[in-house]
Amino acid sequence: MTVSNLSFHNVTAHKHYSELADSPSSQHTKLYDPYPSRLAQPPQALWQARQDAVVKGHHLAGPLSETQLDEFERKGFLFIPNLISGSELDELRAEMQALMSTDDYRDKDFSITEPESNEIRSLFAVHHLSERLGALARDERVAGAARQLIGDDPYVHQSRINYKPGFAGKGFNWHSDFETWHAEDGMPGMHAVSASLILTDNHEFNGPLMLIPGSHKKFVPCQGETPVDNHKRSLKAQEVGVPSPEALTELVAEHGIEAPKGKAGGLLLFDCNTLHASNANLSPDPRSNVFFVFNRPDNRCREPYAAPQQRPDFLAHDPGQEWRVDK
């Protein structure tokens with residue numbers, strides 16, 4: 001799919017890796033695991049303290065103010081209303097509809113349907129499928145914010161469109177994205193951030209994302225070993241890598257739950273370790289967003305820490321990776 005020239009403000013990402021991350025042996029040697037999960041037995045503690053800093057780019061230029069960086073540091077997420085509007089928003093919505101209605105994508109591995117229907121729930125690798133969304137992933141308003149949060153020029157670890165149709169869109173269990181990326185993709189540390197641009201109005205009835213503010217500072221280990229090809233099931237309904245009810249009860253009692261809502265065009269940034277979930281969409285209004293995960297180049301994935309093998313590359317891209325739709 002091709003589009004005409006775009007008006008996005010671009011940011012150039014420079015690849016530079018730490019000596020450890022770039023050494024050939026480090027990609028095949030089982031390293032010490034600072035965040036053990038997918039345990040055969042119940043963990044000895046409900047959580048452990050986070051070992052990585054949250055905001056690592058206070059010194060870097062970008063679109064976020066110090067006040068916004070401080071809010072992200074404290075809560076583990078930041079909602080920016082009205083980032084885009086007008087014709088720019090209309091064009092992105094049209095691009096989403098075109099991608100989601102492409103029949104050639106429906107039966108591909110990177111296209112995930114609802115558990116009980118053939119309606120597309122998520123479409124992955126969209127920054128490769130669409131020039132427009134690829135430009136959005138490089139836009140300074142989005143990638144520049146990620147740079148300030150992770151402390152380095154980012155690359156896209158994962159991208160997708162999420163679509164929750166009216167009446168039929170299912171919810172998603174509480175989880176930390178980092179727990180999955182660490183256990184199943186081999187992401188070493190908490191140096192990634194998600195950017196979710198909402199393309200339809202998010203309100204309390206159409207299954208908005210719910211987050212536990214402050215949960216990003218505690219890693220919650222999960223019980224249950226990772227099955228082979230777990231992604232084929234977890235992308236429809238996650239059952240492995242889900243925190244215990246006891247841990248969730250205590251975290252919610254301490255921090256509460258927030259569900260950022262707003263008009264289409266807002267941007268939600270949230271830390272890779274922030275616990276989040278969503279309810280089913282019981283309204284007639286669909287809920288959709290385009291979603292980019294930005295990672296530090298020196299935090300690129302290695303061998304998975306708690307899975308038999310890495311997930312497919314449409315779920316976990318490498319820096320500079322070429323990806324084709326015929327995969």
What does the charge count around ARG141 come to, taking other residues whose C-beta lies under 13 Å from its C-beta (Lys +1, Arg +1, Asp -1, Glu -1)? -1
Separation in nanometres of the label points that stand 7 Å from Cα toward Cβ, at SER101 and ALA259: 2.9 nm
HIS59 to THR249: FRET efficiency via 1/(1 + (r/R0)^6), r the Cβ-Cβ distance, R0 35 Å, to the nearest 0.05? 0.35
Between VAL228 and GLN48, 0.36 nm times their residue separation minus their Cα-Cα distance comes to what? 62.1 nm
Dipole of segment 56-299, Cα-centred, from +1 at each Lys and Arg C-beta and -1 at each Asp and Glu C-beta, to the nearest 20 debye? 180 debye
Of GLY224, ILE257, ALA183, whose Cα points farthest to the positive end of the dipole of segment 56-299 (charges on the beta-carbon: +1 Lys, Arg; -1 Asp, Glu; origin at the Cα centre)? ILE257
Whole-Å distance, taken between Cα centres, linking segment 250-327 and segment 162-178: 11 Å
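None of the figures in this text is laboratory data; all of them are computed from the coordinates on show. No experiment lies behind these values; they were computed from the predicted model shown. No Cβ is skipped: glycine too gets one built from the backbone with ideal geometry, and neighbour counts run over all protein chains shown.
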